[in-house]
1. Exactly one condition in (1) closer than 30 Å to residue 252 by Cα; (2) open to solvent by 20 Å² or more (accessible area, probe 1.4 Å); (3) not in a loop (DSSP other than H, G, I, E, B) is false for residue 130; which is it?
2. So in segment 149-174, with the set limited to residues that are assigned to a loop (DSSP other than H, G, I, E, B) and away from the ligand (no atom under 13 Å from the Cβ), which one is nearest to the chain's Cα centre (by Cα)?
3. Would you check if there is a residue in segment 67-84 being away from the ligand (no atom under 16 Å from the Cβ) and open to solvent by less than 20 Å² (accessible area, probe 1.4 Å)?
4. Please verify whether segment 34-53 includes one or more residues that are surrounded by fewer than 23 Cβ atoms within 10 Å (Cβ to Cβ), away from the ligand (no atom under 16 Å from the Cβ) and either within 22 Å of the chain's Cα centre (by Cα) or under 28 Å from residue 179 (Cβ atoms) (or both).
5. Restricting attention to segment 146-190, which residues are among the hydroxyl-bearing types (Ser, Thr, Tyr) and open to solvent by 10 Å² or more (accessible area, probe 1.4 Å)?
6. Quick one: is residue 183 small (Gly, Ala, Ser), within 20 Å of residue 283 (Cα to Cα) and within 16 Å of the ligand (Cβ to nearest atom)?
7. Among the candidates 114, 90, single out the residue that is without any contact (Cβ under 8 Å) to a residue 24 or more places away in the chain and either within 16 Å of the ligand (Cβ to nearest atom) or over 29 Å from residue 202 (Cα atoms) (or both).
8. Name the residue that is nearest to the ligand (Cβ to nearest atom), counting only residues in segment 16-31 that are of a type in the set (D, E, K, R) and part of a helix (DSSP H, G or I).
Amino acid sequence: MTVPTVARAARVPFYDLQDLHAMDGVQAEIDAALLRVSRSGRYLLGPELEAFEEEYARYCENAHCVGVGSGMDALELTLRALGVGEGDEVVVPGHTYVATWLAVSATGARPVPVEPEASSYLIDPDRLTAAITPRTKAVMPVHTYGHPVDLDAIEAVTAPRGIPVVEDAAQAHGARYKGRRIGSRYAAAFSFYPGKNLGALGDGGAVVTSDAELAERIRLLRNYGSREKYEHEVRGTNSRLDEIQAAALRAKLPYLDAWNARRNVIAARYTEGLSGLPGVTPPAVRSWAEPVWHQYVPRTTHREELRRALTDAGVEHLIHYPVAVHRSRAYAGTVPGPLPRSERLAAEVLSLPIGPQLTAQDAETVIAAVRHATENSHV
Ligand SMILES: *Cc1c(COP(=O)(O)O)cnc(C)c1O
């Protein structure tokens, strides 16, 4: 694997797609794929999409993949295909990206949040039962930051009640739970937003499922409810993964495992370098999980001091996410009762740069900046 040496604005950029595409000659492969589509005369629902769907289903160790317009559409269309709508409830994590909740709201159903575990970022399976009512039509856990949730613990609650689990796998391409790929179970929604572990050159998404009928219903929904031109069986929408995006994703998919492995090396180095620092808690990895480190997110009680030190050292960083979803203006007042754990995470999480394009030296620069901040302050 070749690591890029391009001139950079920041000393350590958060996630530079030019750097990423400069690795392993993939930019040339993407360019060739774009040209192939451009000259093919087929731009929608064509051979690139068909091939990508087959390749990505195989990658996920599952039977069916349906490409759609975005990760949020993948979630929404799966819920709609399951018949979720007005008057229904869908259980979601309190700590997640807003799109998880918005996908539920888009169907007309109500998102019902569940708090994360005390010592992780993941939805707490022990709190699931209390959130389920006769209106619950699905449970939608998120593999937050690329770390798999405990799917068996969740299914122990949902399966006896006949409630489907729709995984929000937008951050977990390639991750494994108990040795099996995320996406190898009933239904998982992926995003190919450019910054995701497998990213397109624009918006894109997919549903991967073991259920042929569910896949067929999503295929209908993504294309105006139509199988045959001008025969409209249901009130669908227009949400298709186009040929350009499918071709670009096909060029990048063969590198995904190596790229995730490289994220893992950097994450391990971060955890080693940040352990034992006062006021900083590196993310833990559970025994069942092979995470893919979409983000590397320590918690810190002294976030502003660390941010200043990182900025001074030229290290870009972000906060995923600074406002708990139920505290956003979009959802304020819709959730009865507080969600103290979700709110506390919003105040304490800090995303450090991570990606296959980061060099070992970049990782040392980041670690040194954090260590410097904790050693020279009142953290
Ligand atoms: C990115 C993301 C989405 C939405 O995906 P888009 O392709 O941007 O619509 C949904 N859920 C989570 C957890 C995400 O990170």
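The values are calculated or read from the model by the stated rules, or taken from the named source; none is laboratory data. Being a predicted model, the structure only gives us computed values, none of them experimental. Cβ coordinates were reconstructed from backbone atoms using ideal geometry, including for glycine residues, and neighbour counts include every protein chain displayed. Please note that ligands, DNA and RNA were not included when accessible areas were found on the heavy atoms of the full protein model with its side chains. Shrake-Rupley method; radii C 1.70, N 1.55, O 1.52, S 1.80 Å.
1. Only one criterion in (1) closer than 30 Å to residue 252 by Cα; (2) open to solvent by 20 Å² or more (accessible area, probe 1.4 Å); (3) not in a loop (DSSP other than H, G, I, E, B) is unmet by residue 130, namely (1).
2. Restricting attention to segment 149-174, the residues satisfying the condition of being assigned to a loop (DSSP other than H, G, I, E, B) are 149-150, 162-164, 169-174.
With away from the ligand (no atom under 13 Å from the Cβ) added as a condition, the list becomes 150, 162-164, 174.
Details: 150: 16, 162: 26, 163: 22, 164: 19, 174: 11 Å.
My answer is 174.
3. The first filter runs over segment 67-84 and keeps only residues away from the ligand (no atom under 16 Å from the Cβ), leaving 81-84.
Next cut, open to solvent by less than 20 Å² (accessible area, probe 1.4 Å) only: 81, 84.
Looking for residues that are away from the ligand (no atom under 16 Å from the Cβ) and open to solvent by less than 20 Å² (accessible area, probe 1.4 Å), one finds at least one in segment 67-84, hence yes.
4. As a first pass, look at segment 34-53 and keep what is surrounded by fewer than 23 Cβ atoms within 10 Å (Cβ to Cβ): 34-47, 50-51, 53.
Among the residues that remain, those that are also away from the ligand (no atom under 16 Å from the Cβ) are: 34-47, 50-51, 53.
So of that shortlist, the ones also either within 22 Å of the chain's Cα centre (by Cα) or under 28 Å from residue 179 (Cβ atoms) (or both) come out as 51, 53.
So far as segment 34-53 goes, yes, one or more of its residues are surrounded by fewer than 23 Cβ atoms within 10 Å (Cβ to Cβ), away from the ligand (no atom under 16 Å from the Cβ) and either within 22 Å of the chain's Cα centre (by Cα) or under 28 Å from residue 179 (Cβ atoms) (or both).
5. Step one: filter segment 146-190 for residues among the hydroxyl-bearing types (Ser, Thr, Tyr), giving 158, 177, 184, 186.
Of everything in segment 146-190, those that are among the hydroxyl-bearing types (Ser, Thr, Tyr) and open to solvent by 10 Å² or more (accessible area, probe 1.4 Å) turn out to be 184, 186.
6. no
7. Values: 90 fails: without any contact (Cβ under 8 Å) to a residue 24 or more places away in the chain.
Result of the check over 114, 90: 114.
8. Filtering segment 16-31 for residues of a type in the set (D, E, K, R) gives 16, 19, 24, 29, 31.
Retained after the next criterion (residues that are part of a helix (DSSP H, G or I)): 19, 24, 29, 31.
Values: 19: 20, 24: 24, 29: 23, 31: 23 Å.
Filtering segment 16-31 for residues that are of a type in the set (D, E, K, R) and part of a helix (DSSP H, G or I), the one nearest to the ligand (Cβ to nearest atom) comes out as 19.
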